[in-house]
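Values quoted throughout were computed directly from the atomic coordinates according to the rules given, and no laboratory measurement underlies them. As the structure is a computational prediction, the values presented were derived from the model and not from experiment. Because the Cβ atoms are built from the backbone with ideal geometry, glycine has one as well, and the counts that use them run over all protein chains shown.
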Ligand code: NAD
Ligand code: ZN
């Protein structure tokens, strides 16, 4: 299946299906990528032994010369230090303006390799080969970045890929916890945009958790499709794109106060989505909105209660650091109903405190 991300002259396709990594060479040829320049594949230590050989073999069989750079798995690889190491590999192996950089892995590798592609010789061809469910979100939309010691995703660019090659079979090797965390963003896409899809996620959580190929393919097509539509409307986050941040305001604070590592991104935003629904209910939405939201998330084994040991003051100060309160007010994405959200700019600090306390009671 092919989805198109519609961005004028920077439009690109997302190919989703089984065994696509083994056809990488054919896709490179279809996109007219030159065989004269080396291709740099960036991946991590977990993904390399599982999936790298497929991409290498396919590209080499089609006549491409490949170079690999394998980073440590995990968020610390999204750093300027690792960025420079990848650049060194690129220069030492003679990558030129016609070269491509491939991101084979999850969002960490995607964000890092994407920023390399955006920067090397002021920009070379970038190809995303996502291998996590979460990466259905991160591989679409063109945000690429590394972290600064003081702040996440601070150093980056908007840089769209030439194509996204999403091999559903590559997801079969994902650890269970990563599966659940990735599905959290899939559910988010239903919650912000598409009630029937949110309901479908709820009805198919067992199949999705079991990595049923048909269910995964359908869910990823819908999830990527929603992300693509939002991004096509607002590439640079002037307005609508902010709806993608449902659950992220508090979610980022949970990640930060958990010291990154205690909670996976998808787990943190699950709690954040529960909190957003509860704030919306306090502001007058029907109580069933909160009930439905947590039922959906719990179906995927995702957390919806606030962990007791996270201190309210720390969460609030992490949020203030991230988003800036003006006169005790903060911008929040709140659900209107399942499948629709609104961006509200007057959520009071007090409302957030209240919900943190209530969600601790749920734990
Ligand atoms: P990740 O890349 O760290 O992958 C999660 C873990 O799964 C890693 O340990 C990885 O080695 C392992 N893994 C990956 N694929 C595997 C496979 N097929 N089999 C077995 N193990 C596999 O994390 P992620 O959750 O994919 O992405 C998180 C990152 O994405 C964060 O840095 C976040 O900031 C970023 N992100 C970016 C955007 C964006 O728009 N650019 C959006 C959302 C998230
Ligand atoms: Zn996210």
Given 37 °C and 0.692 mPa s, how large is the Stokes-Einstein diffusion coefficient of segment 100-163 in µm²/s, with Rh as the Kirkwood radius over Cα pairs? 290 µm²/s
Å³ per residue of the Cα convex hull, for segment 183-254? 92 Å³
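Pulled fully out, how much extra length does the chain show between residue 62 and residue 207, if you take 0.36 nm times their separation in residues and subtract their Cα-Cα distance?
Answer, rounded to one decimal: 48.6 nm.
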Rank 110, 284, 266 by mean-square fluctuation in a GNM of the chain with C-alpha springs under 10 angstrom and give only the top-ranked residue. 284
Consider all pairwise Cα distances in segment 176-361 and report the whole-number % of them above 20 Å. 51 percent
Expressed as a fraction of 2.2 N^0.38 Å, the rule-of-thumb size for a compact globular protein of N residues, what is the C-alpha radius of gyration of segment 2-173? 0.92
Once the convex hull of the alpha carbons of segment 62-154 is built, what does its volume come to per residue, in cubic angstrom? 102 Å³
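When ranked by the protection proxy of mean other Cβ atoms within 10 Å per residue, highest first, what sequence do the peptides 88-95, 12-19 form?
Averaged packing, sorted descending, gives the order 12-19, 88-95.
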Could you work out Rg/(2.2 N^0.38 Å) for segment 121-235, with Rg from alpha carbons only? 1.12
Expected max-MSF residue from 268, 228, 61 in the GNM of the chain (alpha carbon, under 10 Å) is 61
Which length gain, in nm to one decimal place, applies between residue 19 and residue 173 when the Cα-Cα distance is subtracted from 0.36 nm times their residue separation? 54.1 nm
Looking at segment 284-363, I'd like the Rg to Rh ratio, where Rg is from alpha-carbon atoms and Rh is Kirkwood's inverse mean 1/r. 0.97
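Efficiency by 1/(1 + (r/R0)^6): what FRET value for residue 199 and residue 81, r their Cβ-Cβ distance, R0 = 41 Å, to the nearest 0.05? Mind dumping the intermediate values first?
On the way: r = 45 Å, r/R0 = 1.09.
Calculated transfer efficiency: 0.35.
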Between residue 353 and residue 97, what is the FRET efficiency for a Förster distance of 56 Å, r being their Cβ-Cβ separation, to the nearest 0.05? 0.60
Volume per residue (Å³) of the convex hull spanned by the alpha carbons of the chain is 121 Å³
At a Förster radius of 41 Å, what calculated FRET efficiency corresponds to the Cβ-Cβ distance of residue 340 and residue 10, to the nearest 0.05? 0.90
For the chain, what does the helix formula give at 222 nm: sum of -39500 (n - 2.57) over DSSP H segments with n ≥ 4, over the residue count, nearest 500 deg cm²/dmol? -14000 deg cm²/dmol
Between residue 298 and residue 150, with labels modelled 7 Å along Cα→Cβ, what's the label distance in nm to one decimal, could you check? 4.3 nm
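Please work out how much length the chain gains when fully extended from residue 311 to residue 31, using 0.36 nm per residue of separation minus the C-alpha to C-alpha distance, in nm with one decimal.
The span from residue 311 to residue 31 would gain 95.7 nm if fully extended.
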